[in-house]
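Q: My questions all concern the structure below.
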Amino acid sequence: MKYFFLLIIVINSFFTYGQSDYILSDLDSSKDDYAKVAMQIWEYAEMGYQEEKSSALLQNKLKESGFMIKSGVAGIPTAFIAEYNNGGPIIAILGEYDALPGLSQKALPYKVTNKGRGGHACGHHLFGTASAAAAISLKKYIKKYKIKGTIRYYGCPAEEGGSGKVYMTRAGLFDDVDIALHWHADDENSANPRPALANKSAKFRFYGRSAHAAGAPQEGRSALDAVEAMNYMTNLMREHMDMSARIHYVITRGGEAPNVVPDFAEVYYYSRHPKRDKVMVLFDRILKAAEGAALGTGTKMEYEMIGGTHDLLHVPTLQQMVHRNFTKIGGFKYNDQELEFAEKISATLEKPLDMKYIHNVAPYDTNPEGIGGSTDVGDVSYKVPTAGLRGATWVPGTPAHSWQAVAAGGTSIGLKGMMQAAKALTLSGIELLEKKELIIKIKKEFKEIRGEDFNYIPLLGNREPALDYRN
(Lines give C-alpha, C1' and ligand atoms only; values in the text may rest on other atoms or scores of the structure.)
Protein backbone atom coordinates (compact mmCIF):
# COMPACT_ATOMS: atom_id res chain seq x y z
CA MET A 1 0.00 0.00 0.00
CA LYS A 2 2.86 2.38 0.86
CA TYR A 3 4.40 1.86 -2.59
CA PHE A 4 1.01 2.43 -4.20
CA PHE A 5 0.72 5.88 -2.63
CA LEU A 6 4.32 6.69 -3.60
CA LEU A 7 3.46 5.72 -7.18
CA ILE A 8 0.44 8.02 -7.13
CA ILE A 9 2.61 10.92 -5.88
CA VAL A 10 5.17 10.28 -8.63
CA ILE A 11 2.45 10.10 -11.30
CA ASN A 12 0.84 13.35 -10.04
CA SER A 13 4.23 15.03 -10.02
CA PHE A 14 4.88 13.85 -13.58
CA PHE A 15 1.57 15.25 -14.85
CA THR A 16 2.07 18.55 -12.97
CA TYR A 17 5.52 19.08 -14.48
CA GLY A 18 4.23 18.07 -17.90
CA GLN A 19 1.47 20.66 -17.59
CA SER A 20 4.03 23.25 -16.50
CA ASP A 21 6.20 22.46 -19.52
CA TYR A 22 3.25 23.08 -21.80
CA ILE A 23 2.60 26.51 -20.27
CA LEU A 24 6.29 27.46 -20.34
CA SER A 25 6.49 26.47 -24.00
CA ASP A 26 3.48 28.66 -24.65
CA LEU A 27 5.35 31.55 -23.02
CA ASP A 28 8.29 30.95 -25.36
CA SER A 29 6.01 31.09 -28.37
CA SER A 30 4.66 34.47 -27.19
CA LYS A 31 8.02 36.10 -26.46
CA ASP A 32 7.98 38.34 -29.55
CA ASP A 33 4.55 39.66 -28.61
CA TYR A 34 5.69 40.48 -25.07
CA ALA A 35 8.88 42.04 -26.42
CA LYS A 36 6.78 44.51 -28.42
CA VAL A 37 4.84 45.48 -25.29
CA ALA A 38 8.00 45.97 -23.22
CA MET A 39 9.77 48.00 -25.88
CA GLN A 40 6.74 50.22 -26.41
CA ILE A 41 6.73 51.04 -22.68
CA TRP A 42 10.52 51.58 -22.89
CA GLU A 43 9.87 54.16 -25.63
CA TYR A 44 7.06 55.85 -23.67
CA ALA A 45 9.29 56.26 -20.56
CA GLU A 46 6.49 57.91 -18.56
CA MET A 47 7.06 59.31 -15.08
CA GLY A 48 5.24 58.23 -11.92
CA TYR A 49 1.46 58.87 -12.03
CA GLN A 50 1.87 60.02 -15.65
CA GLU A 51 1.99 56.48 -17.13
CA GLU A 52 -1.23 56.84 -19.12
CA LYS A 53 -0.01 55.11 -22.30
CA SER A 54 1.92 52.40 -20.47
CA SER A 55 -0.98 51.58 -18.17
CA ALA A 56 -3.47 51.52 -21.07
CA LEU A 57 -1.20 49.22 -23.10
CA LEU A 58 -0.96 46.67 -20.29
CA GLN A 59 -4.68 46.91 -19.54
CA ASN A 60 -5.53 46.22 -23.18
CA LYS A 61 -3.16 43.26 -23.31
CA LEU A 62 -4.72 41.70 -20.21
CA LYS A 63 -8.27 42.48 -21.35
CA GLU A 64 -7.62 40.78 -24.71
CA SER A 65 -6.41 37.75 -22.72
CA GLY A 66 -9.68 37.38 -20.83
CA PHE A 67 -9.11 39.47 -17.70
CA MET A 68 -11.69 41.79 -16.17
CA ILE A 69 -10.27 45.27 -15.66
CA LYS A 70 -10.84 47.77 -12.85
CA SER A 71 -9.05 51.00 -13.73
CA GLY A 72 -8.35 54.12 -11.69
CA VAL A 73 -8.27 52.20 -8.40
CA ALA A 74 -7.24 53.80 -5.07
CA GLY A 75 -7.87 57.24 -6.54
CA ILE A 76 -4.97 56.86 -9.00
CA PRO A 77 -5.84 57.22 -12.72
CA THR A 78 -2.98 54.96 -13.89
CA ALA A 79 -3.48 52.21 -11.28
CA PHE A 80 -5.57 49.16 -12.16
CA ILE A 81 -6.43 45.56 -11.29
CA ALA A 82 -6.88 42.85 -13.92
CA GLU A 83 -8.58 39.67 -12.66
CA TYR A 84 -9.37 36.20 -13.92
CA ASN A 85 -11.64 34.62 -11.33
CA ASN A 86 -12.20 30.89 -11.12
CA GLY A 87 -12.69 30.73 -7.37
CA GLY A 88 -9.99 29.15 -5.21
CA PRO A 89 -6.94 30.94 -3.79
CA ILE A 90 -6.17 34.46 -4.97
CA ILE A 91 -2.65 34.89 -6.34
CA ALA A 92 -1.52 38.46 -6.95
CA ILE A 93 1.16 39.34 -9.50
CA LEU A 94 2.58 42.85 -9.07
CA GLY A 95 3.56 44.95 -12.08
CA GLU A 96 5.28 48.34 -12.42
CA TYR A 97 5.81 50.63 -15.42
CA ASP A 98 7.09 54.06 -14.31
CA ALA A 99 10.37 55.54 -15.57
CA LEU A 100 12.91 57.86 -13.95
CA PRO A 101 13.47 61.54 -14.86
CA GLY A 102 16.53 62.74 -16.74
CA LEU A 103 17.80 59.31 -17.78
CA SER A 104 16.85 59.09 -21.44
CA GLN A 105 19.23 56.78 -23.29
CA LYS A 106 19.34 54.86 -26.55
CA ALA A 107 20.04 51.13 -26.60
CA LEU A 108 23.72 51.75 -27.27
CA PRO A 109 26.84 50.86 -25.24
CA TYR A 110 27.87 54.50 -24.89
CA LYS A 111 26.12 57.46 -23.31
CA VAL A 112 23.65 59.25 -25.59
CA THR A 113 21.08 61.13 -23.54
CA ASN A 114 18.22 63.43 -24.39
CA LYS A 115 18.36 66.00 -21.62
CA GLY A 116 15.19 66.28 -19.56
CA ARG A 117 13.54 63.12 -20.86
CA GLY A 118 12.94 60.09 -18.71
CA GLY A 119 14.34 56.61 -19.08
CA HIS A 120 13.63 53.11 -17.77
CA ALA A 121 16.73 52.98 -15.58
CA CYS A 122 15.09 50.52 -13.18
CA GLY A 123 13.66 48.16 -15.78
CA HIS A 124 9.99 48.69 -14.98
CA HIS A 125 9.03 48.28 -18.63
CA LEU A 126 10.29 44.72 -18.28
CA PHE A 127 8.80 44.31 -14.81
CA GLY A 128 5.27 45.26 -15.87
CA THR A 129 5.40 43.15 -19.03
CA ALA A 130 6.85 39.96 -17.50
CA SER A 131 4.32 40.10 -14.68
CA ALA A 132 1.51 40.43 -17.21
CA ALA A 133 2.95 37.48 -19.15
CA ALA A 134 2.99 35.38 -15.97
CA ALA A 135 -0.57 36.37 -15.08
CA ILE A 136 -1.80 35.44 -18.56
CA SER A 137 0.06 32.11 -18.44
CA LEU A 138 -1.45 31.26 -15.05
CA LYS A 139 -4.89 32.11 -16.39
CA LYS A 140 -4.30 29.72 -19.30
CA TYR A 141 -3.16 27.03 -16.86
CA ILE A 142 -6.29 27.40 -14.72
CA LYS A 143 -8.56 27.30 -17.74
CA LYS A 144 -6.85 24.43 -19.59
CA TYR A 145 -6.53 22.14 -16.59
CA LYS A 146 -9.82 23.18 -14.97
CA ILE A 147 -8.48 23.97 -11.53
CA LYS A 148 -9.71 26.47 -8.96
CA GLY A 149 -7.78 29.68 -8.68
CA THR A 150 -7.98 33.44 -9.16
CA ILE A 151 -5.18 35.46 -10.76
CA ARG A 152 -4.92 39.19 -10.22
CA TYR A 153 -2.48 41.49 -11.94
CA TYR A 154 -1.95 44.68 -9.96
CA GLY A 155 -0.95 47.59 -12.18
CA CYS A 156 1.15 49.62 -9.76
CA PRO A 157 2.24 53.12 -10.81
CA ALA A 158 4.86 55.47 -9.34
CA GLU A 159 7.05 53.01 -7.46
CA GLU A 160 9.94 55.44 -7.87
CA GLY A 161 9.20 57.71 -4.92
CA GLY A 162 5.45 57.97 -5.44
CA SER A 163 4.46 55.03 -3.19
CA GLY A 164 1.70 53.84 -5.52
CA LYS A 165 1.31 50.46 -3.79
CA VAL A 166 0.97 52.17 -0.41
CA TYR A 167 -2.24 53.87 -1.53
CA MET A 168 -3.45 50.60 -3.03
CA THR A 169 -2.67 48.78 0.22
CA ARG A 170 -4.30 51.51 2.30
CA ALA A 171 -7.42 51.24 0.13
CA GLY A 172 -7.74 47.55 1.09
CA LEU A 173 -7.06 46.21 -2.40
CA PHE A 174 -4.86 43.40 -1.07
CA ASP A 175 -7.05 42.43 1.91
CA ASP A 176 -8.41 39.21 0.35
CA VAL A 177 -5.22 38.13 -1.46
CA ASP A 178 -3.62 34.85 -0.38
CA ILE A 179 -0.13 35.24 -1.89
CA ALA A 180 1.61 38.07 -3.78
CA LEU A 181 4.50 37.55 -6.21
CA HIS A 182 6.76 40.14 -7.81
CA TRP A 183 10.16 40.52 -9.46
CA HIS A 184 12.62 43.23 -10.41
CA ALA A 185 15.25 43.93 -13.02
CA ASP A 186 18.87 43.43 -11.90
CA ASP A 187 22.37 42.57 -13.11
CA GLU A 188 22.14 38.95 -11.94
CA ASN A 189 19.61 36.19 -11.32
CA SER A 190 18.70 35.69 -7.67
CA ALA A 191 15.76 35.06 -5.38
CA ASN A 192 17.19 35.75 -1.95
CA PRO A 193 15.40 37.46 0.96
CA ARG A 194 16.94 40.77 -0.04
CA PRO A 195 16.24 43.59 2.44
CA ALA A 196 14.63 46.90 1.55
CA LEU A 197 14.73 50.11 3.53
CA ALA A 198 11.68 51.77 5.02
CA ASN A 199 11.40 55.26 3.57
CA LYS A 200 9.73 58.60 4.37
CA SER A 201 10.02 61.39 1.84
CA ALA A 202 8.79 64.97 1.83
CA LYS A 203 9.18 68.31 0.09
CA PHE A 204 10.08 71.13 2.51
CA ARG A 205 9.00 74.58 1.32
CA PHE A 206 10.30 77.85 2.76
CA TYR A 207 8.71 81.26 2.31
CA GLY A 208 10.71 84.42 2.80
CA ARG A 209 10.62 88.03 1.56
CA SER A 210 12.15 89.20 -1.70
CA ALA A 211 14.32 92.28 -2.00
CA HIS A 212 17.13 93.70 -4.12
CA ALA A 213 20.13 91.57 -3.15
CA ALA A 214 22.54 94.54 -3.46
CA GLY A 215 20.38 97.65 -2.98
CA ALA A 216 18.30 96.55 0.02
CA PRO A 217 19.42 93.13 1.28
CA GLN A 218 18.38 94.05 4.82
CA GLU A 219 14.77 94.03 3.68
CA GLY A 220 14.93 90.47 2.43
CA ARG A 221 14.52 87.11 4.13
CA SER A 222 16.03 84.40 1.96
CA ALA A 223 14.10 81.17 1.54
CA LEU A 224 17.25 79.72 -0.04
CA ASP A 225 19.20 80.53 3.13
CA ALA A 226 16.62 78.47 5.02
CA VAL A 227 17.08 75.51 2.68
CA GLU A 228 20.85 75.71 3.02
CA ALA A 229 20.62 76.02 6.81
CA MET A 230 18.36 72.97 6.93
CA ASN A 231 20.73 70.99 4.73
CA TYR A 232 23.73 71.99 6.85
CA MET A 233 22.05 70.89 10.08
CA THR A 234 20.84 67.66 8.51
CA ASN A 235 24.35 66.88 7.26
CA LEU A 236 25.71 67.39 10.78
CA MET A 237 23.22 64.71 11.90
CA ARG A 238 25.04 62.09 9.84
CA GLU A 239 27.70 61.76 12.58
CA HIS A 240 25.00 60.99 15.13
CA MET A 241 22.64 58.59 13.42
CA ASP A 242 22.47 54.84 12.88
CA MET A 243 25.07 53.62 10.39
CA SER A 244 22.38 51.82 8.39
CA ALA A 245 20.27 54.98 8.00
CA ARG A 246 20.29 57.01 4.79
CA ILE A 247 19.43 60.65 4.07
CA HIS A 248 19.52 62.25 0.62
CA TYR A 249 18.05 65.42 -0.87
CA VAL A 250 17.88 67.67 -3.93
CA ILE A 251 17.12 71.38 -4.03
CA THR A 252 14.19 71.57 -6.44
CA ARG A 253 13.73 75.36 -6.26
CA GLY A 254 16.42 77.82 -5.20
CA GLY A 255 15.41 81.18 -6.64
CA GLU A 256 15.32 82.78 -10.06
CA ALA A 257 18.16 85.33 -10.16
CA PRO A 258 21.21 86.10 -7.98
CA ASN A 259 20.24 89.75 -7.52
CA VAL A 260 16.81 88.88 -6.11
CA VAL A 261 16.55 87.55 -2.58
CA PRO A 262 14.51 84.33 -3.09
CA ASP A 263 11.12 84.47 -1.40
CA PHE A 264 10.51 80.76 -2.12
CA ALA A 265 12.74 77.70 -2.06
CA GLU A 266 12.09 73.97 -1.88
CA VAL A 267 14.13 70.91 -0.99
CA TYR A 268 13.05 67.29 -1.53
CA TYR A 269 14.21 64.79 1.13
CA TYR A 270 14.37 61.00 1.47
CA SER A 271 15.00 59.38 4.85
CA ARG A 272 15.58 55.62 5.03
CA HIS A 273 16.23 52.92 7.60
CA PRO A 274 15.94 49.10 7.68
CA LYS A 275 13.14 49.39 10.27
CA ARG A 276 9.94 51.37 9.77
CA ASP A 277 9.80 52.61 13.39
CA LYS A 278 13.37 53.95 13.18
CA VAL A 279 12.74 55.83 9.94
CA MET A 280 9.90 57.68 11.65
CA VAL A 281 12.30 58.91 14.35
CA LEU A 282 14.87 59.89 11.70
CA PHE A 283 12.28 61.86 9.74
CA ASP A 284 11.20 63.73 12.88
CA ARG A 285 14.80 64.84 13.41
CA ILE A 286 14.94 66.16 9.84
CA LEU A 287 11.68 68.01 10.48
CA LYS A 288 13.21 69.67 13.56
CA ALA A 289 16.12 70.84 11.42
CA ALA A 290 13.64 72.39 8.98
CA GLU A 291 11.80 74.16 11.80
CA GLY A 292 15.09 75.45 13.21
CA ALA A 293 16.19 76.68 9.78
CA ALA A 294 12.97 78.66 9.38
CA LEU A 295 13.30 80.16 12.86
CA GLY A 296 16.92 81.15 12.31
CA THR A 297 16.35 82.78 8.91
CA GLY A 298 13.09 84.56 9.65
CA THR A 299 11.15 82.50 7.11
CA LYS A 300 8.12 80.27 7.25
CA MET A 301 8.20 76.53 6.54
CA GLU A 302 5.66 73.97 5.46
CA TYR A 303 6.18 70.42 4.24
CA GLU A 304 4.29 67.93 2.12
CA MET A 305 4.63 64.19 2.63
CA ILE A 306 5.36 62.65 -0.76
CA GLY A 307 6.00 59.01 0.01
CA GLY A 308 6.38 56.50 2.79
CA THR A 309 7.08 52.79 2.51
CA HIS A 310 7.60 49.90 4.92
CA ASP A 311 10.63 47.66 4.96
CA LEU A 312 10.26 44.29 3.21
CA LEU A 313 8.89 41.35 5.22
CA HIS A 314 10.11 37.92 4.09
CA VAL A 315 8.40 34.56 4.63
CA PRO A 316 11.12 31.87 4.33
CA THR A 317 8.90 29.04 3.02
CA LEU A 318 7.49 31.26 0.27
CA GLN A 319 10.82 32.82 -0.66
CA GLN A 320 12.53 29.43 -0.81
CA MET A 321 9.76 28.14 -3.07
CA VAL A 322 10.31 31.04 -5.50
CA HIS A 323 14.06 30.43 -5.43
CA ARG A 324 13.56 26.74 -6.13
CA ASN A 325 11.38 27.46 -9.16
CA PHE A 326 13.71 30.15 -10.50
CA THR A 327 16.59 27.69 -10.21
CA LYS A 328 14.57 25.19 -12.29
CA ILE A 329 14.16 27.83 -14.99
CA GLY A 330 17.80 28.85 -14.73
CA GLY A 331 19.71 31.61 -16.47
CA PHE A 332 20.51 32.15 -20.15
CA LYS A 333 23.40 32.69 -22.55
CA TYR A 334 24.39 35.83 -24.43
CA ASN A 335 24.83 35.47 -28.18
CA ASP A 336 27.91 36.97 -29.86
CA GLN A 337 26.26 40.33 -30.49
CA GLU A 338 24.99 40.57 -26.89
CA LEU A 339 28.41 39.62 -25.54
CA GLU A 340 30.06 42.36 -27.61
CA PHE A 341 27.53 44.88 -26.29
CA ALA A 342 28.10 43.65 -22.71
CA GLU A 343 31.88 43.99 -22.99
CA LYS A 344 31.53 47.61 -24.13
CA ILE A 345 29.11 48.41 -21.29
CA SER A 346 31.41 46.67 -18.82
CA ALA A 347 34.30 48.89 -19.94
CA THR A 348 32.28 52.00 -19.01
CA LEU A 349 31.70 50.52 -15.56
CA GLU A 350 35.41 49.68 -15.12
CA LYS A 351 34.46 46.24 -13.83
CA PRO A 352 35.29 42.71 -15.06
CA LEU A 353 32.49 40.97 -16.91
CA ASP A 354 31.35 38.10 -14.66
CA MET A 355 28.66 36.00 -16.34
CA LYS A 356 28.27 33.47 -13.49
CA TYR A 357 24.80 34.57 -12.41
CA ILE A 358 23.62 35.36 -15.90
CA HIS A 359 24.10 31.72 -16.87
CA ASN A 360 22.80 30.51 -13.49
CA VAL A 361 20.73 31.61 -10.50
CA ALA A 362 22.65 32.67 -7.40
CA PRO A 363 22.48 30.22 -4.47
CA TYR A 364 19.95 30.89 -1.76
CA ASP A 365 21.43 33.23 0.85
CA THR A 366 19.55 34.22 4.01
CA ASN A 367 21.90 37.18 4.58
CA PRO A 368 22.63 38.74 1.19
CA GLU A 369 25.14 41.58 1.15
CA GLY A 370 24.09 45.20 0.94
CA ILE A 371 21.28 47.29 2.37
CA GLY A 372 19.47 47.96 -0.88
CA GLY A 373 16.97 50.66 -1.75
CA SER A 374 13.33 51.09 -0.87
CA THR A 375 10.19 49.71 -2.47
CA ASP A 376 6.48 50.13 -1.90
CA VAL A 377 6.25 46.33 -2.17
CA GLY A 378 7.16 46.57 1.51
CA ASP A 379 3.65 47.71 2.41
CA VAL A 380 2.13 44.83 0.46
CA SER A 381 4.45 42.43 2.30
CA TYR A 382 2.97 43.46 5.65
CA LYS A 383 -0.56 42.78 4.39
CA VAL A 384 -0.10 39.49 2.55
CA PRO A 385 2.72 36.90 2.24
CA THR A 386 4.94 38.26 -0.53
CA ALA A 387 8.03 37.00 -2.34
CA GLY A 388 10.02 38.03 -5.37
CA LEU A 389 13.08 37.49 -7.51
CA ARG A 390 15.68 39.53 -9.37
CA GLY A 391 16.09 38.85 -13.08
CA ALA A 392 19.33 39.46 -15.02
CA THR A 393 18.19 42.11 -17.49
CA TRP A 394 21.33 44.30 -17.26
CA VAL A 395 24.99 43.68 -17.97
CA PRO A 396 26.75 42.30 -14.84
CA GLY A 397 28.02 45.10 -12.62
CA THR A 398 25.42 47.61 -13.81
CA PRO A 399 23.92 49.73 -11.03
CA ALA A 400 20.22 50.56 -11.08
CA HIS A 401 19.24 54.11 -12.02
CA SER A 402 22.08 54.41 -14.55
CA TRP A 403 22.23 55.05 -18.29
CA GLN A 404 23.78 51.59 -18.67
CA ALA A 405 20.63 50.05 -17.16
CA VAL A 406 18.44 51.96 -19.62
CA ALA A 407 20.62 50.86 -22.54
CA ALA A 408 20.62 47.13 -21.73
CA GLY A 409 16.90 47.23 -20.95
CA GLY A 410 16.30 48.29 -24.53
CA THR A 411 18.11 45.28 -26.00
CA SER A 412 17.58 41.54 -26.31
CA ILE A 413 19.59 41.14 -23.09
CA GLY A 414 16.78 42.78 -21.15
CA LEU A 415 14.11 40.88 -23.03
CA LYS A 416 15.76 37.49 -22.41
CA GLY A 417 15.98 38.20 -18.69
CA MET A 418 12.36 39.38 -18.71
CA MET A 419 11.12 36.08 -20.12
CA GLN A 420 13.12 34.04 -17.59
CA ALA A 421 11.46 36.07 -14.82
CA ALA A 422 8.02 35.49 -16.37
CA LYS A 423 8.66 31.74 -16.41
CA ALA A 424 9.84 31.69 -12.78
CA LEU A 425 6.75 33.62 -11.64
CA THR A 426 4.54 31.27 -13.66
CA LEU A 427 6.12 28.14 -12.22
CA SER A 428 5.80 29.55 -8.69
CA GLY A 429 2.14 30.40 -9.30
CA ILE A 430 1.45 26.89 -10.61
CA GLU A 431 2.99 25.33 -7.50
CA LEU A 432 0.79 27.49 -5.26
CA LEU A 433 -2.33 26.61 -7.25
CA GLU A 434 -1.51 22.91 -7.16
CA LYS A 435 -0.51 22.80 -3.48
CA LYS A 436 -3.24 24.50 -1.49
CA GLU A 437 -1.71 23.11 1.71
CA LEU A 438 1.46 25.11 0.92
CA ILE A 439 -0.55 28.33 0.95
CA ILE A 440 -1.97 27.41 4.37
CA LYS A 441 1.55 26.80 5.71
CA ILE A 442 2.87 30.07 4.26
CA LYS A 443 0.01 32.14 5.70
CA LYS A 444 0.51 30.61 9.14
CA GLU A 445 4.24 31.37 9.00
CA PHE A 446 3.51 34.91 7.81
CA LYS A 447 1.27 35.65 10.79
CA GLU A 448 3.86 34.30 13.20
CA ILE A 449 6.61 36.49 11.71
CA ARG A 450 4.53 39.65 11.41
CA GLY A 451 2.79 39.17 14.76
CA GLU A 452 -0.88 38.51 15.43
CA ASP A 453 -1.42 42.00 16.87
CA PHE A 454 0.19 43.87 13.97
CA ASN A 455 -1.69 47.00 12.92
CA TYR A 456 -0.85 48.39 9.50
CA ILE A 457 -0.30 52.16 9.54
CA PRO A 458 0.90 53.76 6.29
CA LEU A 459 3.99 55.93 6.81
CA LEU A 460 2.64 58.63 4.51
CA GLY A 461 -0.43 59.13 6.71
CA ASN A 462 -3.80 59.98 5.23
CA ARG A 463 -2.65 62.23 2.40
CA GLU A 464 -4.15 61.74 -1.05
CA PRO A 465 -1.94 60.28 -3.81
CA ALA A 466 0.79 62.75 -4.77
CA LEU A 467 -0.24 62.70 -8.43
CA ASP A 468 1.84 65.77 -9.27
CA TYR A 469 5.07 64.84 -7.48
CA ARG A 470 6.98 64.58 -10.76
CA ASN A 471 5.79 67.98 -12.00
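The values are calculated or read from the model by the stated rules, or taken from the named source; none is laboratory data. Here the structure is a predicted model, which means the values were calculated and not measured. Methodologically, a virtual Cβ is constructed for each residue, glycine included, from the backbone with ideal geometry; neighbour enumeration extends over all protein chains shown.
Q: Would you be able to say whether some residue in segment 5-12 is modelled with pLDDT of 50 or more, out of contact with any Leu (no Cβ under 9 Å at 6 or more places or on another chain) and surrounded by 11 or more Cβ atoms within 10 Å (Cβ to Cβ)?
A: Of segment 5-12, the ones modelled with pLDDT of 50 or more are none.
No, segment 5-12 has no match at all.
Q: Also: Given the structure, is residue 303 of a type in the set (Phe, Trp, Tyr), surrounded by 19 or more Cβ atoms within 10 Å (Cβ to Cβ) and assigned to a strand (DSSP E or B)?
A: no
Q: OK, next. Determine whether segment 356-374 contains at least one residue that is modelled with pLDDT under 95, touching a Lys or Arg at 6+ places or on another chain (Cβ under 7 Å) and surrounded by 24 or more Cβ atoms within 10 Å (Cβ to Cβ).
A: Within segment 356-374 (the criterion being modelled with pLDDT under 95, touching a Lys or Arg at 6+ places or on another chain (Cβ under 7 Å) and surrounded by 24 or more Cβ atoms within 10 Å (Cβ to Cβ)), the answer is yes, since at least one residue qualifies.
Listed here are the residues, each with its yes/no results for (1) under 16 Å from the mean Cα position of the chain (by Cα); (2) of a type outside the set (Gly, Ala, Ser).
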{"site": "150", "(1), (2)": "no, yes"}
{"site": "171", "(1), (2)": "no, no"}
{"site": "175", "(1), (2)": "no, yes"}
{"site": "195", "(1), (2)": "yes, yes"}
{"site": "198", "(1), (2)": "yes, no"}
{"site": "203", "(1), (2)": "no, yes"}
{"site": "208", "(1), (2)": "no, no"}
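Q: So which residues in segment 107-148 are at pLDDT below 95, of a type in the set (Ser, Thr, Tyr) and either in contact with a Phe, Trp or Tyr (Cβ under 6 Å, 6 or more places away or on another chain) or at positive phi (or both), if there are any at all?
A: The answer is none; no residue qualifies.
Q: Among the residues of segment 102-115, which ones are under 16 Å from residue 43 (Cβ atoms) and not hydroxyl-bearing (Ser, Thr, Tyr)?
A: Within segment 102-115, 103, 105, 106, 107, 108, 112, 114 qualify.
Q: Which number in (1) buried (at least 20 other Cβ atoms within 10 Å of the Cβ); (2) under 27 Å from the mean Cα position of the chain (by Cα); (3) hydroxyl-bearing (Ser, Thr, Tyr) marks the one condition that residue 244 misses?
A: Looking at each condition in turn, residue 244 falls short on (1).
Q: Here's something else I'd like to know. Hey, residue 358 hits all of (1) assigned to a loop (DSSP other than H, G, I, E, B); (2) of a type in the set (A, V, I, L, M, F, W, C); (3) farther than 26 Å from residue 166 by Cα but one; which does it fall short on?
A: Of everything listed in (1) assigned to a loop (DSSP other than H, G, I, E, B); (2) of a type in the set (A, V, I, L, M, F, W, C); (3) farther than 26 Å from residue 166 by Cα, residue 358 misses just condition (1).
Q: If I go through segment 418-458 residue by residue, how many of them are closer than 25 Å to residue 131 by Cβ, part of a loop (DSSP other than H, G, I, E, B) and touching a residue at least 60 places away in the same chain (Cβ under 8 Å)?
A: So the answer is 2.
Q: Here is a follow-up. Tally up the residues in segment 361-412 that are of a type in the set (Lys, Arg) and part of a loop (DSSP other than H, G, I, E, B), please. Can you show your working first?
A: The initial filter retains those residues of segment 361-412 that are of a type in the set (Lys, Arg), namely 383, 390.
Narrowing the set further to residues that are part of a loop (DSSP other than H, G, I, E, B) leaves 383.
The qualifying residues number 1.
Q: Find the residue count for segment 314-352, including only residues that are modelled with pLDDT of 95 or more and outside any helix (DSSP H, G or I).
A: Residues meeting the conditions: 8.
Q: Tally up the residues in segment 248-294 that are assigned to a helix (DSSP H, G or I), more than 15 Å from residue 208 (Cβ to Cβ) and of a type in the set (Gly, Ala, Ser), please.
A: 2
Q: Go through segment 203-220 and count every residue that is assigned to a loop (DSSP other than H, G, I, E, B) and either in contact (Cβ under 8 Å) with a residue 40 or more places away in the chain or hydrophobic (A, V, I, L, M, F, W, C) (or both).
A: 7
Q: Give 425, 438, 433 a once-over and let me know the one that is crowded, with 21+ Cβ neighbours inside 10 Å and either more than 20 Å from the chain's Cα centre (by Cα) or farther than 30 Å from residue 136 by Cα (or both).
A: After ruling out the rest, the residue left standing is 433.
Q: Further, regarding this structure: When you scan segment 100-113, do you find a residue that is free of Cβ contacts under 8 Å to residues at least 60 places away in the same chain and within 13 Å of residue 407 (Cα to Cα), even just one?
A: For segment 100-113, residues free of Cβ contacts under 8 Å to residues at least 60 places away in the same chain and within 13 Å of residue 407 (Cα to Cα): present.
Q: Additional query: Quick one: is residue 388 under 15 Å from the mean Cα position of the chain (by Cα), closer than 22 Å to residue 124 by Cβ and not assigned by TED's automatic domain parsing to the domain that holds residue 275?
A: Values: under 15 Å from the mean Cα position of the chain (by Cα): yes; closer than 22 Å to residue 124 by Cβ: yes; not assigned by TED's automatic domain parsing to the domain that holds residue 275: yes.
Yes; evaluated as a whole, the condition is true for this residue.
Q: In segment 166-202, how many are over 23 Å from residue 271 (Cα atoms) and touching a residue at least 24 places away in the same chain (Cβ under 8 Å)? Lay out the reasoning, then the answer.
A: Narrowing segment 166-202 to residues over 23 Å from residue 271 (Cα atoms): 171-183, 185-192.
Narrowing the set further to residues that are touching a residue at least 24 places away in the same chain (Cβ under 8 Å) leaves 171, 173-183, 185-192.
Within segment 166-202, residues that are over 23 Å from residue 271 (Cα atoms) and touching a residue at least 24 places away in the same chain (Cβ under 8 Å) number 20.
Q: Give segment 152-175 a look and list any residue that's on the phi > 0 side of the Ramachandran plot and buried (at least 24 other Cβ atoms within 10 Å of the Cβ), or say none.
A: 158, 163
Q: Also, I was wondering about something else. Quick check, is residue 94 of a type in the set (A, V, I, L, M, F, W, C), out of contact with any Pro (no Cβ under 7 Å at 6 or more places or on another chain) and more than 18 Å from residue 57 (Cα to Cα)?
A: The answer is no for residue 94.
Q: Here's another thing I want to ask about it. Of the residues that make up segment 75-93, is at least one part of a helix (DSSP H, G or I) and surrounded by 15 or more Cβ atoms within 10 Å (Cβ to Cβ)? Lay out the reasoning, then the answer.
A: We begin by selecting, within segment 75-93, every residue part of a helix (DSSP H, G or I); these are 75.
Retained after the next criterion (residues that are surrounded by 15 or more Cβ atoms within 10 Å (Cβ to Cβ)): none.
No.
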